[in-house]
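Here is the structure we will look at, set down as structure tokens.
The values are calculated or read from the model by the stated rules, or taken from the named source; none is laboratory data. Quantities reported herein were computed from a predicted structural model and do not represent experimental measurements. Here the Cβ positions follow ideal geometry from the backbone for every residue, glycine too, while neighbour counts run over all protein chains shown. Heavy atoms of the whole protein, side chains included, go into the accessibility calculation; ligands, DNA and RNA do not. Shrake-Rupley method; radii C 1.70, N 1.55, O 1.52, S 1.80 Å.
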Amino acid sequence: MDLWRRIGCDLRHCFELLLPPACLLCGGRLPTGASASEFCPTCRAGLPQPAPARCPICAVAYRTSTPSLHHCESCLRQQPPFARVHAVGPYAGTLREAVQSFKYRGQLPLARPLGALLGEAVLTGSGPRPDLLVPVPLHKSRLRERGYNQALQLAREVGRHLDVPVAAGLLRRVRDTAAQQGLDAAARKGNLRDAFAVTGPLDARQLLLVDDVMTTGATARECALALRRAGATAVEVAVLGRA
């Protein structure tokens, strides 16, 4: 067994010399010993940090650098159906570039480093351990068009990081809605009303809803509402970027 392990290590070193691992985002060479599923130090350093002052529920950033535990106006006016939002950082810079490549340019290998970042954000935020991860679903027509659901790919990587199962078919998108881009908050909310359905009872489970980006929070709200109505005890949300 030791002999085969040594042979395997030698072969891996040979492969790394001939085909050195490259950063999935910029294509630059990774440091020796780095995994081929990682970002290089430059790209990692370019990731935006979480806003120091943000709403403790929806994670929207405040226009101040002073940390605050106060809820934002939107959450004060209407308590969201989710308990809190975990976000890697603001939807900007290197993070935005990575999400765009992953979501729109078919760069599926980015799911692993992005999923690891999101898993770290959830662990850093502490809170109760989820029983299940629930990806935000795509309508079947959008899924045929894109070929994959980026939220499901992310959820699988986060689940691997947290050792929590993914309920891929638990939440369904039952109505084909217009794209959210370009709509204001009110239009986004109306666009998604009754667009999601749960396929079975949840038996008072703690859920973590996974998506790539949160803008107004309309999608997360509608999904969380459907999950709570089906019996979920609580729903938290995990996103890569918070706009």
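Label sites at A243 and R63, each approximated as a point 7 angstrom past Cα along Cα to Cβ, lie 1.9 nm apart.
Ordering G217, G27, L114 by the projection of their Cα atoms onto the charge dipole of the chain, which places +1 on the Cβ of Lys and Arg and -1 on the Cβ of Asp and Glu, puts G217 at the extreme positive end. Spin-label model, R146/R193: points 7 Å from Cα along the beta carbon direction are separated by 2.5 nm. Heavy-atom accessible area, probed at 1.4 angstrom with all protein chains present, ranks H70, H139, H161 as H70, H161, H139, highest first.
Percent of C-alpha pairs per 10 Å bin in segment 118-243, short distances first: 13, 46, 35, 6. Across segment 118-243, the relative contact order, built from alpha-carbon pairs under 8 Å that are at least six residues apart, equals 29 percent. Between segment 55-84 and segment 151-230, what's the alpha-carbon centroid distance in Å? So the separation of the two Cα centres works out to 20 Å.
Counting Cα-Cα pairs of segment 33-96 in 10 Å increments starting at 0 gives whole-percent bin shares of 20, 39, 25, 13, 3, 0.
In segment 125-176 the Cα-Cα distances spread across 10 Å bins starting at 0 as 25, 47, 22, 5 percent of all pairs.
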